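The values are calculated or read from the model by the stated rules, or taken from the named source; none is laboratory data. If you're wondering where the values come from, they're calculated on a predicted model, not measured in any experiment. Here the Cβ positions follow ideal geometry from the backbone for every residue, glycine too, while neighbour counts run over all protein chains shown.
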Amino acid sequence: MSIEVWGIMNKSSEDPEKIEDAIDRIVEEHNDDPTAHLEVGQSLTSHRASEIIDHRAESVVNDKLKQNSRKYIAIVDVDSPSDYDNLPDALTYAEEQGGGVVFVRKGYYEMLGSIFLGRGVDIEGEGIDETIFDFKGLTYDINSYEKFVFNSLYYNADLTNGSTSIIFPTGTTLITDGVVPGMYCKINSDLDGHYKIVSVDSETEVTIESGFTGTTGTHDCEPTLYADYINGSRIVTFPTELNLAEFGVFAGVDLLASPVLGGRSIVTSIDEDNVLSLSSSVTGGSGSYETFFNERVSPPNVIKDFTVMNCGSDFAFKGDGENGVGFDMENIRGEYCIGLVYRPDCDILNILNNVQAYRCTGTYLYQIGYCSLENVGADVVDADVQVYRLSGTYVLDKCEVDLNNVSNGAVFNLRSSNGSINNCRFLSFQILDASGASRSFIRFSGNYLSASNGYNIEWAHDYSPCNANIFNTYSGYNFRLTSSSRKSIVTGNWLRYSITDLGVGNVSSPNVIGT
């Protein structure tokens, strides 16, 4: 007698569908139904209404959270399949999302190129001794940079006197790189040489409006933008072939060109495809000028809680160009680097707290103006090292510098109009204020200085108080007031040796001279 298997039987004598197939079909339809389990009292509705949604601990990963709910916009963790395994990719994502903090888990990271921090992008590690970036002695660095909306392109090109054709080398990608009619080819060997592009004929060839007037041969050629400026006007006009929006230009970006005051103005509106208005009038004369665009300078990038090793660049951390804004830094150490921090002067305050240099061989902090430094230290070993070059307005508090009895260099090179140095320790070296710079009003108080060779301070500041310091040198002299210093008040200090070269109009008592 044969045994009938229920699952493979027809549903009925009138329906040939097998029972198992019918069950599978109904389950699949249920799984595909977006309204399943949503009735009152059913599982999904109850789950959504619960005060606590019970997932396994740490099972919801960072990228599943809404961005405004995340503490970190991205996480770098080589052991996590749901996070980034390298810093550059995480930083690129953060910039694309408009900024945020990239958190780097503890570990050793070998850096394969320079790191660029875009607008509003910050880096946070797990600690100086925990998160370590090693540049392997190569000339890479970490940059705070202004993002160019449009910058010129650089190529070599073959030009023939009188010809309207410019030939670029095989492999050039003019069309791919966005070169279009209405741009200009700027010939760097030709003082006034910029030629309007009337057609882009291929990836390697363009036609210009008028024949080349220079010497036949290979020249540096930059496809770039030129615009017409009228003195006293705020209107800037580009060739009619151009659509500024296609270059990423929008109201609020910076325009950089020589005829505007200071070389920089803000685009207030795009009036036509090729016409825009500025926040300030043209002051440098009418004419056609090369023009760039970039995003507005943002607040400093914040970096904290990691170590950089073996950076072969002049500085491990750099602001970019004269408008670079630099970094706010906390709990950062540089080991076996050349220099640590370079930030060109600007009006953006930088705050450096617990920034340490260990066995660095060049300038530790360079051209740092308008800054606040606290708990900043250096342990430096180069014969001609310059630990600080400060300018503008700055405050140093509770900083320590130990140069290991190195001679013939400088702890400080102060070029400032307003500085304050308090409660700091300077060991094994001199404090030097180079002569010839414009300096005035430096407050110097509560500091301890111990130099084994030379002198502690050469003072060339006007109207500057120097009080309650300990100068504990072992040879030479403690304090030298140069002839350019006027009406500085030097009082209440303890000096192992005497003050020399008092200068005119300075006050130097009462001070205690030790033995």
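Any chance you could count how many residues in the range 257-271 are among the small types (Gly, Ala, Ser), modelled with pLDDT under 90 and not in a loop (DSSP other than H, G, I, E, B)? Summing the residues that are among the small types (Gly, Ala, Ser), modelled with pLDDT under 90 and not in a loop (DSSP other than H, G, I, E, B) in the range 257-271 gives 3.
Here is a check on your reading of the model: is Glu58 on the phi > 0 side of the Ramachandran plot and modelled with pLDDT under 70? Steps first, answer last, please.
Numbers: on the phi > 0 side of the Ramachandran plot: yes; modelled with pLDDT under 70: yes.
Criteria met by Glu58.
Against the list (1) within 22 Å of Asp328 (Cα to Cα); (2) touching an Asp or Glu at 6+ places or on another chain (Cβ under 8 Å), the condition Gly98 fails is (2).
Scanning the range 193-226 for residues that are of a type in the set (D, E, K, R) and within 34 Å of the chain's Cα centre (by Cα) yields Glu203, Asp220, Glu222.
Here Pro34 fits the description: over 26 Å from Pro299 (Cβ atoms) and either modelled with pLDDT under 75 or of a type outside the set (Asp, Glu) (or both).
Can you name the residue in the range 247-265 that is among the β-branched types (Val, Ile, Thr) and either over 21 Å from the mean Cα position of the chain (by Cα) or not assigned by TED's automatic domain parsing to the domain that holds Ser233 (or both) and, of all such residues, is surrounded by the most Cβ atoms within 10 Å (Cβ to Cβ)?
Of everything passing the filter in the range 247-265, Val260 is surrounded by the most Cβ atoms within 10 Å (Cβ to Cβ).
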